[in-house]
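The values are calculated or read from the model by the stated rules, or taken from the named source; none is laboratory data. Owing to the predicted nature of the structure, the values given are computational and were not obtained by experimental measurement. Using ideal geometry, Cβ is built from the backbone for each residue, glycine included, and neighbour counts are taken over all protein chains shown. Just the protein is used for accessible areas: all its heavy atoms, side chains included, with ligands, DNA and RNA removed. Shrake-Rupley method; radii C 1.70, N 1.55, O 1.52, S 1.80 Å.
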Amino acid sequence: MAKSTTQLTVTTTIDSQASAKSFLSRRERSRWRRYKSRSKFIHDFINFKNKLLGIKDLPPSESGRIIPLSINHSKVNSYYQDEYYDTKRKAFIDERSNEPYVDNRITSSKYTVYSFLPKQLKAQFSKIANCYFMVVAIMQMIPGWSTTGHFTTIIPLCIFMSISIAREGFDDWKRHGHDKEENNKRTIVIKEDEDLSNFDTQSITTIMTETVPLDQQVNTSPNLGGRTSSNNSWSDLEELSFTNKEAMKKYNLKQYPTLWKNVGVGDILQINENDWLPADVIILSTSEGETAPAYVETMALDGETNLKPKFAHPELAKRANTVTGLKSLQTLVTTEDPNSNLYNFEGSFNLNDETFALSSENIVYRGSILRNTRSILGLVVFTGEETKIRMNNIKNPRTKAPKLQKNINYIVIFMVCVVILLSAFSTMAQRLLYEDNREKAWYLFEQDAGVAATLMGFIIMYNTLIPLSLYVTMEIIKVMQLLFLQFDIDMYHVESNTPADGKTATILEELGQVSYIFSDKTGTLTDNQMVFRKFSVCGVSWLHDLDLMVSERNEPNSVETAPLAPRLSMHAPRQRDESPHRTSTTSIVRASMDSVGSSQSNWTSTAQPNKVQDSAMNSLQLLRHIQTHPQTLFAKKAKFFLLSLALCNTCLPKKDTKRTSTDSIFTLNSQTDANGNSEVEEDGDITYQAASPDELALVEAARDLGFVVFDRVNQKLEIKTYPHGFDNDPKVEEYQVLDVIEFTSSRKRMSIVVRFPDGRICLICKGADSIIIEKLKNSKMAQEKAREISLNSSERKTQEADVILQSKFSQDVQHMSPSRKSGFSLRQSLGGTAAATNTKMNSINNALMGTEDDEIADIATRARKSLHIQQTKKYSLDLYENEEVPSTPVSLKSATSLPANPFTQFIPNDKLLVNDEFIVEKILEHVEEFSTEGLRTLLYSFRWLDKTEYEQWSREYSDAKIALADRAKLVERVGGKIETGLELIGATAIEDKLQEGVSEAIVKLRRAGIKLWMLTGDKRETAINIGYSCQLIKDYSTVVVLSMDEGKDALIDRITSSLSQIKTGSVAHSVLVIDGGTLAIVEADSTLLTLFLELCIQVDSTICCRCSPSQKANMVSAVRNLNKKAVTLAIGDGANDIAMIQSADIGIGITGKEGLQAARSADYAIAQFRFLLKLLLVNGRYNYVRTSKFVLCTFYKELLFYLTQCIYQRNTLFSGSSMYESWSLSMFNTLFTSLPVICVGMFDKDLKPATLLAVPELYNKGRLYQGFNLKIFVSWMVLATFQSVGVSFLAYYSWGFTALRDNTTFALGSMVFAVLVIIINTKCTIIEMQNRQWLAFASFIISVGGFGLWNVLIMLLYRTKDSPIYFVAYGLYTWGRDQSWWAALLMISTIPLLFDIFIKVFKFMFKPNDDELFRVYERDIQLRRYFEQAAYSELHQSWNFTKEPSTTGKFIARVFRKIGKSIGISQKELRDEIEEINSEEENEGIQSAVHRKRAGTNPMPNELPPSGEGTVTTSNSYTAHPTFDEEGYEILPSGKRVKIKIKTDDEPSWTTSLTQAFKWDKSEEDVDAIIDERLKTLREEEERRGLH
């Protein structure tokens, strides 16, 4: 039926009543399935219950979700004579719920208004201590039971719990703020103009003077842009395009900017280039034409970096591509119900009584970004929590609690049992003594409180053995730990101005206990950047490092953060370009021609960082050779290879016209053409749109090497080259692209058929080496060469694996040796006459890192030498070595300094270049080398085609592309027919750049005992390649690939056999690889899942590729449930990582290029993966050690103190009388012992950060629960018991029974109280705390001195009211003048502390742990230098950045200045002081972090990042040798100045003295030599006396 755009009333042939009845009956049936009742009350009650509990039990729709497609929603009901649209709430109705579809709000927070309080109460009372105190509080409020008041427990308990709940609420409030920011983003909704919607037909007809039939067909021919029409010109289409605002206005359509949260199902959105998709939308049309694809980036969904083409259905695009068609487009779209399957979509729509199918190529999901397309129109089908990405997330994330809390709960249960036992014992003793003394103790008047009241009184008295303030003090400590984490300058990313951020303080200590790390790939490990790095042509391997040269020239002062790199003073601001500039080949090559060899490459392979790269054989030298010898066979073949790079692609060139001539980053004189245009600018201004970053890297490399893809119009491709040198005019040639055979995952290759300017037709094919080898004309020979290289590689890997196995065996033997059981074989370096510093350093290096790296490098070198010797003999290469090879790059480097393969440094002559066997063997050898370096390789091949052959094939290929059935299979089969008989041109190697420091971080994390998993949605080949690049997979690794392609039985056999091999210890290093499809089948079979998880636990690393977000979360949960003691950490940067982050014990978000979704939902956020080292190995370990010591010290002091109360009861007939004055007793935890435990929990550092980063094995302390376990807790409690008993009886017998001046309870109690305060403060701040800074001593002085002042204070307070028991008012005057009291105080305080110290000394002598050994090593200056050098890359910011002046020091200085002014200082000196203060304030205003925002702002040019710990060093360089300043102090890498005492040869070293004292090396003792030496000394003394 023909309709026009001016029609307002539409006639339809649909039976209205039947349609309404059909839809209403579906809604009624859905309501009945959901509620099983027609009662409205029951409906409302069920809805309220489900909303309160967060339950969503919507039944599935009968035949899918039906969405009307219309530009005017209000007229949908009248058009279809049905109720699809709710006119009151202005939204379409969901058939499943009979309510409007869910809105587009997303929620990443953990709590709602309804669920916050119930969940928090559950979390608070999951702490056993809170339950215990609640029970005690209830008992205390019972009249007659408590002797300490009725509300002294319930009120503090409520306050402490409220503080914890408020802090958790504040953390979640911040998450709500992030959600609000996400929901308030803006997009564009296309609707009818509401201002004109009330016009009648005549008025609108007057406005619209034209009538355009709806059935007008606009046919476009399939060309590159889809811009050529057979009936209309492109300009006519542009006039009616939805991108034309005038046309939109003319036809009463308007673009409404709308918040994301207000987008609803059925809305038509206009998405512009580089915009994020706010919902799941079906593409209706694109701005590029009806058949043109829209390219979307889905990194945040599946981790793939390739752009994916999405298409509008032709029937929809034909109508929606113009404003007239869009306005009158009316149809019903049926889609599947919301689900989590990202890789499949099913839908349909009806037009003209015909049904058309919709698939996954027609839909774009939320989280995608539109790229390389101006704009698209899309119909919203899923919104908010029903979008695909949100369906993959966890609906109700769990409330995370630390593993340490479970241990504390066990301890609390244990202490509750202790309290009950002590109370029962005291009650029993009281009953027995009461019966014996009822008549003797006349003052009791035979009154009895009863058994129950006595028992409850003792329970209330002893309940403080479990400190009420334990959890709230821990919360305070964790807040300070969180601030330390956020202000850590080493985790501050300068480039993006992003500090570390903490969203919760609950699980801080778990950062020091991680056993498994689950990491995303794209944006987390990689930098989302592909770089053309190496290539092989004519049997020679070349390095392409132009990007590094450009970076060096842009920032000549920038340095790598290597341990021995030059360090710059931060006082001089570094100049940065505001925007990145592209450089053309002309400037780079011209500069390189002027100074050959002046720029040395600093590129190193992340997979093999120790491998030395040959910087002489780079691409610039290749260009130089080609230009100086253009007619040689080598030059012709090399130029054809570079031309193939430029031709074999589908990239679209774009010219950036915004740059001016002053933007050039080089100061060279650029060449200009007749029009005055600069060639330098022209090449550099060309950018490319590519569907794959690999293609983009190849085309940009071709451009940089002088083969510029200059323009592409329809099927014509213009290539600009410089055949006569870059100083001469370029040449532009036109190539015609005849056909393109696209790359697919099954083909693994891409081909292009090109007509050259001379009329020849050439097929160029690029693809995986395994595929291209089969297509070569001499494929049998190539396959044989590939097998030989593979055998050589396997033999080399076997030898490397044997080295690793031998090293593991040696370490196991050392660890099992009874002479060393603390973890490392380092004790031998402490003793013996050969205990020199170098020996100690070598011992540490060998024990911790091993020497296998050098052995593996030797094996690889020998393997290359052996292969090259064979090639020399086979191809008679020695005949050519003496021949003159003109102008080869080998002249830049002496032969003696070259690697062991000198032949590859020569340009092969023509005799070798015509030898196909030699070329194939060398290229395949280079491909193998590239692969081991973690590079992505491609082989290039070509074939000249006969015109008749091509035309015949082209007709067949055209028919295959338009086939209606099995089109993809036909295209693949026909395309493969012509891809035969190819000749090999060369190979390329692309580097998928990792983030800075990723591979080094992974190595250290693995040394720390942490197993790493990589969970990615990318392809298997890409995932494995990145595994090699980041050293997750070693060259000698056994890679176990699980796939269902071989069948389920074969899969089980492979898992079983791999398990048996790993358990026998015959595998040096194993990595498991599994894809998402196989993982889904494994998850469905419980038996198979158990086997699979067991294998995952046994292997060194696991890689899951092509897995969905829900599969990532399931894998994390499975491992967490399998090993409940292990702490899991998930890290990612995209929306597809949120579920994984929420499932893990710790979630880390990367503020990366995929957005901030993961960072907002995570527990902690960092800017780079490498910051995990400082976060876990330093901050995490510190937090674990601090929290563990805090808990131990807290229970220690409680047992130590209150056990004296129990012992004292034997002197009071167990009546419950206190030895301590009541006010002092109540202030014990608050005033006198709170500061020391807080200092330990906040500031303790058992080892220096450099030591922890240089020796990651020290992380085992937290991972293996070595800092807090039952054994350690019992040892602390036993020590407290012994000390408590000792203090009590020493006090009784040394002073209490013999007191002369005052023998009252107050004097004895004050002595014991003072002794316990001294012991507790000394134990916490001096004995246990390793970094004894001024805060520790200040807390000791405040706590101990505060108790003395407290006695004076209560003495004055009791003057107004006498105490009935304690003689407080004048007691201090009495016993304070007794010298024996002070002597007893000194003696009783010293003995328990000496007892504790002696225990530690003997333990260190006979069984030292790793922490104690490395504290000894840190005192050795050369070992400390070694540690700091190894940790320089992680700590250089805190060492180099200027430290802010201390506010306390400045205040004290001002006070002294004022005092000086008051006593008289000259005006000149005063002015100088004031100017100094002003200059300091001005400097602080510029550089201080106080004067700028922490995040979200860019620093000023002269602004420094927030500083951390350390002092600035402005030395120009740092070498491996010691550096001394003018005063003779040595400067360490950290900038610390140390003075070294020069020892004489006769003076023994500290290690020798320590060894002799501890008798650690008895083998060196020679008794006879000692006796002879002693006799000789005696004879000499007798002779001297005889002479006198």
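Between GLU956 and GLU273, what is the FRET efficiency for a Förster distance of 41 Å, r being their Cβ-Cβ separation, to the nearest 0.05? Can you show the working numbers first?
On the way: r = 37 Å, r/R0 = 0.91.
That pair, GLU956 with GLU273, gives E of 0.65.
Can you give me the relative contact order of the stretch 1003-1070 as a percent, contacts being Cα pairs under 8 Å and 6 or more apart?
Details: 30 pairs, mean separation 18.7, N = 68.
Taking the mean separation of contacting Cα pairs over the length of the stretch 1003-1070, I get 28 percent.
Using the Kirkwood formula over every pair of different C-alpha atoms, what hydrodynamic radius in Å results for the stretch 950-1105?
Details: mean 1/r = 0.0533 Å⁻¹.
Averaging 1/r across every pair of different Cα atoms and inverting gives 18.7 Å.
Please give the contour-minus-distance gain from ASP436 to THR861: 0.36 nm per residue of separation, less the Cα-Cα distance, rounded to one decimal in nm. Walk me through the intermediate numbers first.
Details: separation 425, 0.36 × 425 = 153.00 nm, distance 9.18 nm.
Fully extending the segment from ASP436 to THR861 adds 143.8 nm.
Fully extended, how many nm does the chain gain between MET139 and CYS158 (0.36 nm per residue separation, minus their Cα-Cα distance)?
Working: separation 19, 0.36 × 19 = 6.84 nm, distance 1.57 nm.
Length gained between MET139 and CYS158: 5.3 nm.
Cα convex hull of the stretch 301-374: mean projected area in nm², to one decimal?
Values: hull surface 24.2 nm².
That works out to 6.0 nm², a quarter of the Cα hull's surface.
For GLY523, list long-range residues whose amide hydrogen, built 1.01 Å from N in the peptide plane, is under 5 Å from its own amide hydrogen.
When sequence neighbours closer than 5 places are left aside, the close amide H contacts are ASN528.
Return the subset of LYS110/LYS388; LYS720/LYS911; LYS797/LYS1063; LYS636/LYS977 for which the Cα-Cα distance in this structure is over 26 Å, preserving the input order. Kindly include the intermediate steps, with their values, before the conclusion.
Working: LYS110/LYS388 20 Å; LYS720/LYS911 31 Å; LYS797/LYS1063 20 Å; LYS636/LYS977 28 Å.
Too far apart for the 26 Å limit: LYS720/LYS911; LYS636/LYS977.
Between ASN1260 and PHE425, what is the FRET efficiency for a Förster distance of 41 Å, r being their Cβ-Cβ separation, to the nearest 0.05?
Values: r = 41 Å, r/R0 = 1.00.
For ASN1260 and PHE425, the calculated efficiency is 0.50.
Using amide H atoms built 1.01 Å from N in the peptide plane, name the residues 5+ places from ALA91, or on other chains, whose amide H lies under 5 Å from its own.
Those lying under 5 Å, H to H, from ALA91 are ASP86.
Count the DSSP beta bridges whose two residues both fall in the stretch 1040-1190, then state the antiparallel fraction as a percent rounded to the nearest 5. Don't skip to the end; give the middle numbers.
On the way: 1 of 16 bridges.
Approximately 5 percent, going by the DSSP bridge assignments.
Efficiency by 1/(1 + (r/R0)^6): what FRET value for ASP727 and VAL1401, r their Cβ-Cβ distance, R0 = 56 Å, to the nearest 0.05? Working shown, then result.
On the way: r = 79 Å, r/R0 = 1.40.
Once rounded, the FRET efficiency stands at 0.10.
Which residues' amide hydrogens lie under 5 Å from the amide hydrogen of LEU351, considering only partners 5 or more residues apart or on another chain, with H built in the peptide plane?
Here the answer is PHE356, since their amide H atoms fall under 5 Å of that of LEU351.
Report the trypsin sites (Lys or Arg not before Pro) located in the stretch 724-802 that are in a DSSP loop and have at most 13 other Cβ atoms inside 10 Å of their Cβ, or state none. It would help to have the intermediate numbers written out before the result.
Details: sites: LYS731, ARG747, LYS748, ARG749, ARG755, ARG760, LYS766, LYS775, LYS777, LYS780, LYS785, ARG787, ARG796, LYS797; in loops: ARG747, LYS748, ARG760, LYS777.
When the trypsin sites (Lys or Arg not before Pro) of the stretch 724-802 are filtered for loop state and at most 13 Cβ neighbours within 10 Å, ARG760 remain.
Per residue of the stretch 345-358, what does 6.51 cos²θ - 1.76 cosθ + 1.60 with θ = phi - 60° give for ³J(HN,Hα)? Whole Hz please, x for Gly and Pro, Karplus curve as stated.
8, 10, x, 7, 8, 10, 9, 6, 6, 10, 9, 10, 8, 10
Mind listing the phi-derived Karplus ³J(HN,Hα) values for the stretch 719-727, rounded to whole Hz, using 6.51, -1.76 and 1.60 with θ = phi - 60°, and x for any glycine or proline?
10, 9, 10, 10, x, 10, x, 6, 7
Roughly speaking, what is the stretch gain from VAL1278 to LYS911, that is 0.36 nm per residue apart minus the C-alpha to C-alpha distance, in nm to one decimal? Intermediate results must be reported in sequence, preceding the final value.
Numbers: separation 367, 0.36 × 367 = 132.12 nm, distance 8.57 nm.
Length difference between fully extended and current span is 123.6 nm.
Suppose each label sits 7 Å from its Cα in the direction of the beta carbon; what would the GLU346-LYS947 distance come out to in nanometres?
5.2 nm
Looking at the stretch 679-776, which chymotrypsin sites (Phe, Trp or Tyr not before Pro) are DSSP coil and have at most 10 other C-beta atoms within 10 Å of their C-beta? Before the final figure, lay out the partial values.
Working: sites: TYR688, PHE707, PHE710, PHE726, TYR735, PHE743; in loops: PHE707, PHE726, PHE743.
Sparse-neighbourhood loop chymotrypsin sites (Phe, Trp or Tyr not before Pro): none present.
Ordered by residue, what ³J(HN,Hα) values in Hz, to whole numbers, does the stretch 493-501 give under the Karplus form 6.51 cos²θ - 1.76 cosθ + 1.60, where θ = phi - 60° and Gly and Pro are x?
Result, rounded to whole Hz: 8, 5, 4, 9, 6, 10, x, 5, 9.
Whenever you get a sec, compute what percent of the accessible area on the stretch 1212-1368 sits on carbon and sulfur atoms (1.4 Å probe). Walk me through the numbers before you get to the answer.
Numbers: 4450 of 6390 Å².
Within the stretch 1212-1368, the accessible surface is 70 percent carbon and sulfur.
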